[in-house]
Amino acid sequence: MGLDTTTLEKLAERLDRAEERHEAIEKLTDDYPEMSWDDAYDIQRALRARKEARGTRIVGVKAGLTSDAKMRQMGVNEPTMGFLTDYGSIPDGGVIDTSCLIHPRVEAEIAFVLRHALRGPGCHVGAVLAATDFILPAAEIIDSRYRAFRFDLKSVIADNNSAARFVTGGAARKITGLDLPNLGIVMEKNGEIVATAAGSAVLGHPASAVAMLANMAASRGEEIPAGALIMTGGATEAVSVAAGDHINIKFQYLGSVSVRFE
Ligand code: OOG
Ligand code: MG
């Protein structure tokens with residue numbers, strides 16, 4: 001038996017308010033240990049609906065926890081799906097106001113934009129490559145609404161995978177001829193290297209994360225539309241940032257992305 005609609009709504013409101021007030025809360029499963037996987041995604045969907053009702057546009061999809069580095073850091077063992085909002089989009093080289101966030105962390109990610117919609121089940125890397133218009137280097141700024149980033153998978157799914165802001169930059173590249181699994185990624189914080197990875201860190205191939213998202217979306221009766229921005233998940237551990245920090249991420253073949261915090 002799942003949670004009733006009133007409870008799902010109440011929990012979505014709790015998360016929404018935590019984000020708006022940038023005040024951390026305890027993970028939802030502390031109060032609702034009986035929460036199911038469907039409940040978790042239903043809360044995320046109710047959160048999305050609350051934002052849309054206020055005029056927020058949904059501009060893309062995100063995969064979370066797709067690399068061993070991320071799973072180990074957060075103590076979980078399965079990837080997840082979430083959404084990206086219009087207000088989350090920050091220009092390359094832009095500034096993020098940390099006073100609007102709780103405890104931001106930065107992730108290095110490869111982003112895809114599709115020419116054709118993708119619909120699972122059965123979506124695979126080949127279908128993703130055939131449907132891809134171009135890829136972009138990206139940074140995601142996550143900000144769990146849970147105290148000290150402590151959560152379990154159901155709680156983090158409800159919280160839209162800690163999504164907060166994202167930056168895309170560098171060069172939009174066609175995928176043909178690019179060796180994505182061997183693409184090198186170097187993240188620098190204040191001029192020092194803090195993390196490195198290759199594209200293969202993300203489920204063996206970043207396009208696998210897109211296929212996974214199409215298959216997960218299908219199980220909820222949804223598809224990934226053409227033109228949506230798709231974040232494939234952090235390739236390295238997420239790096240904590242505070243006011244005064246500068247992050248620059250270099251991607252082989254794709255150029256770099258940078259963002260400053262104040
Ligand atoms: C969950 C969000 C994870 C990623 O790229 O793995 C995520 C978290 O670690 O707070 O966005
Ligand atoms: Mg991410």
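The values are calculated or read from the model by the stated rules, or taken from the named source; none is laboratory data. A quick note: this is a predicted structure, and the numbers were derived from the prediction, not measured. Cβ coordinates were reconstructed from backbone atoms using ideal geometry, including for glycine residues, and neighbour counts include every protein chain displayed.
Of note:
- Evaluation of GLY184 against the conditions (1) closer than 26 Å to SER256 by Cβ; (2) under 15 Å from the mean Cα position of the chain (by Cα); (3) not aromatic (Phe, Trp, Tyr) shows that the sole unmet condition is (2).
- Within segment 50-76, the residues that satisfy the criterion of being free of Cβ contacts under 8 Å to residues at least 12 places away in the same chain and either of a type outside the set (Lys, Arg) or surrounded by 16 or more Cβ atoms within 10 Å (Cβ to Cβ) (or both) are GLU52, ALA53, GLY55, MET71, GLY75.
- Filter pass, ASP38 being more than 16 Å from the chain's Cα centre (by Cα), over 17 Å from SER144 (Cβ atoms) and assigned to a helix (DSSP H, G or I): yes
- Close pairs (8 angstrom Cβ cut-off, 6 or more residues apart or separate chains): touching a residue at least 12 places away in the same chain (Cβ under 8 Å) and in a strand (DSSP E or B) in segment 96-111, away from ligand 2 (no atom under 15 Å from the Cβ) and among the aliphatic types (A, V, I, L, M) anywhere: ILE110/ILE135; ILE110/LEU180; ILE110/LEU183; ILE110/LEU254; ALA111/ILE135
- Meets criteria (within 16 Å of ligand 2 (Cβ to nearest atom), aliphatic (A, V, I, L, M) and touching an Asp or Glu at 6+ places or on another chain (Cβ under 9 Å)) for LEU28: no
- Within segment 125-151, the residues that satisfy the criterion of being closer than 20 Å to LEU183 by Cβ and either surrounded by fewer than 24 Cβ atoms within 10 Å (Cβ to Cβ) or more than 11 Å from ligand 1 (Cβ to nearest atom) (or both) are VAL125, GLY126, VAL128, LEU129, ALA130, ALA131, THR132, ASP133, PHE134, ILE135, LEU136, PRO137.
- In segment 235-249, the residues that are assigned to a strand (DSSP E or B) form no Cβ pair under 7 Å with any partner that is modelled with pLDDT under 95 and within 16 Å of ligand 2 (Cβ to nearest atom), whether six or more places apart or across chains.
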